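Notes follow the structure.
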Amino acid sequence: MYWISDNFSPSGFRNAASLMLIGLSWKDSLVCITVAQFIIACVIVLNGVVGSTYHISFSIQSRASFGYYFSYLMIVMRMIVGIFWYGIQAYTGAECVQSIIYAIWPSFHNVPNRLPESANITTQFMTAYVVYFLIILPVHWVPMHHLKWLFTIKSITTPIVGFAIMGWVIHKVGVSNTSLWNQQTTLQGSQLAWTFLSGLYANIGTWSTLGVNVPDFTRYAADNRSAYITAFVLPATGCLITFFGVVCASGSNILYGQILWDPLELIDNWTSPGGRAAAFFCAFFFLISQIGVNIAANSVSAANDLNCLFPRYINIRRGQLIVAFIGSWALTPWNILTGAPAFISFMSGYSVWLGPMVGVLLSDFYLVHKKKYDVWELYNKDGIYRYNKYGTNWRAFVAFFVGWVPLLPGFIPTVNTSIKVSEGATHLYYLGYFYGTGAAALSYYLLCRFWPAQETMLERAVLPDMDVIQGHDGEYMEE
């Protein structure tokens, strides 16, 4: 249900349509996103097992491989990404509010813009953005386990909304209208191949944050079977929402002469009385979806990181409020999401660091320590996972840099388009998640193979007390 509610959102619609906007056909877009979600689902499952086995969060897990103090740098980097994503989802939430206002008061379309063009945001949208922020702010104060009703509603309603919008597009265009399915790839040869890889990398980047910190969620699972289901649910729901997106994007091109890569822009064209009512309900349930996504995937995860960094001063509630203000206002997400290419560049860019990070985590758990940790030592700042007086595992330090430094030249032009780099650097960047994860994992394994930290090598795993963790039968302890 979690993955269904996360995938069925306006962002899910956007992914495919944004690929179509840069030249891929709807079929290529569908294949690209499904493959990307299957790959990242495997990463999420592999890392999620750590949480469901030891019932620890990412901030604690990272100490086993990076060292007690060096892990704090990883926590900060993951937290920054979470805050960025909070802002991106806040932007989408404001779009939902704007569509609701359009549906209720069509005259809102005529509100004059008082902001300069360089602001990349209009007076209309800023108004909707403020309203969205005021709506979501009190939700941060509600404990997660009391929000189950919210996620249940969004898991049921957002798929219905997706089917409804797609059904309307097919009805308006006509089932027999073959032009709905005839949108072709406008690229050829190597340009097509590298654009496909760029899209693959970008859509892996969408979930690469959860690939790192998925133990924050799987730590509450009764057993590992709960982690395994992700390998099937994530690509399946991703494929379905992608199909919705490509149908709506193709249909919008036929109906309005342009690809509307955002479903909220599509429903804004429903101006009849009945159309406005439909637009209101679609936007309203999309708003619920965005609130749920932002709470679960971004604010809680980043608040966990803040709580780990400053446990004496920041609890989860305070952390969520800090994330809300920084992500919504300090990062100005409207300057990030200025169009489809910018959206794809943002999604893929931060994977430069998250790929090597998860590569080290997986290599440490499966290859180096053979799934054997001492959970109590992870909480001991002077324990075996301190590694040295600096609390840094130099093997992880080296492997992490091996994973991301070669990708930096290709990443820089996505931030500053005036900087030009070689074609080879750009192509390596498009392969960044595969290179970063693989290179970091292999480097870490080899360094630990030749220079092992013997004090961390255990004969058996030491888990939390079995009578505390309900659902465990002690099988891992016996191993």
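The residues in region 260-287 that are touching a Ser or Thr at 6+ places or on another chain (Cβ under 6 Å) and part of a loop (DSSP other than H, G, I, E, B) can be counted, and the count is 3. Looking at region 94-101, can you tell me whether even one residue there is under 26 Å from Leu309 (Cα atoms), out of contact with any strand residue (DSSP E or B) (no Cβ under 8 Å at 6 or more places or on another chain), of a type outside the set (S, T, N, Q) and modelled with pLDDT of 90 or more? Looking through region 94-101, none of the residues is under 26 Å from Leu309 (Cα atoms), out of contact with any strand residue (DSSP E or B) (no Cβ under 8 Å at 6 or more places or on another chain), of a type outside the set (S, T, N, Q) and modelled with pLDDT of 90 or more.
When Pro311 is tested against (1) at pLDDT below 90; (2) surrounded by fewer than 23 Cβ atoms within 10 Å (Cβ to Cβ); (3) not hydrophobic (A, V, I, L, M, F, W, C), just one condition goes unmet, and that condition is (1).
With the condition being modelled with pLDDT under 95 and more than 30 Å from Ala193 (Cβ to Cβ), I'd like the helices (runs of 4 or more DSSP H) fully within region 377-479 carrying at least 3 qualifying residues. Fully inside region 377-479 and qualifying: 475-478. Criterion first (in contact with a Lys or Arg (Cβ under 6 Å, 6 or more places away or on another chain) and open to solvent by 20 Å² or more (accessible area, probe 1.4 Å)) does Trp194 satisfy it? Taking the combined requirement at face value, the residue does not satisfy it.
In region 60-105, the qualifying residues are those that are among the hydroxyl-bearing types (Ser, Thr, Tyr) and open to solvent by less than 10 Å² (accessible area, probe 1.4 Å), and the one that is nearest to Thr332 (Cα to Cα) is Tyr86. Among the residues of region 20-54, just one is among the aromatic types (Phe, Trp, Tyr), more than 19 Å from the chain's Cα centre (by Cα) and modelled with pLDDT of 90 or more, namely Tyr54. Just so you know, in region 219-234 the residues that are open to solvent by less than 20 Å² (accessible area, probe 1.4 Å) and not aliphatic (A, V, I, L, M) include one that is farthest from Ile56 (Cα to Cα), and it is Thr230. Across region 266-287, what is the number of residues that are closer than 12 Å to Glu95 by Cα and surrounded by fewer than 18 Cβ atoms within 10 Å (Cβ to Cβ)? Total satisfying the criteria: 1.
The values are calculated or read from the model by the stated rules, or taken from the named source; none is laboratory data. The structure presented is a predicted model; accordingly, all values stated were derived computationally and were not measured. All Cβ positions, even for glycine, are placed from backbone atoms using ideal geometry, and neighbour counts span all protein chains on display. Protein only, heavy atoms only, side chains kept; ligands, DNA and RNA dropped before computing areas. Shrake-Rupley method; radii C 1.70, N 1.55, O 1.52, S 1.80 Å.
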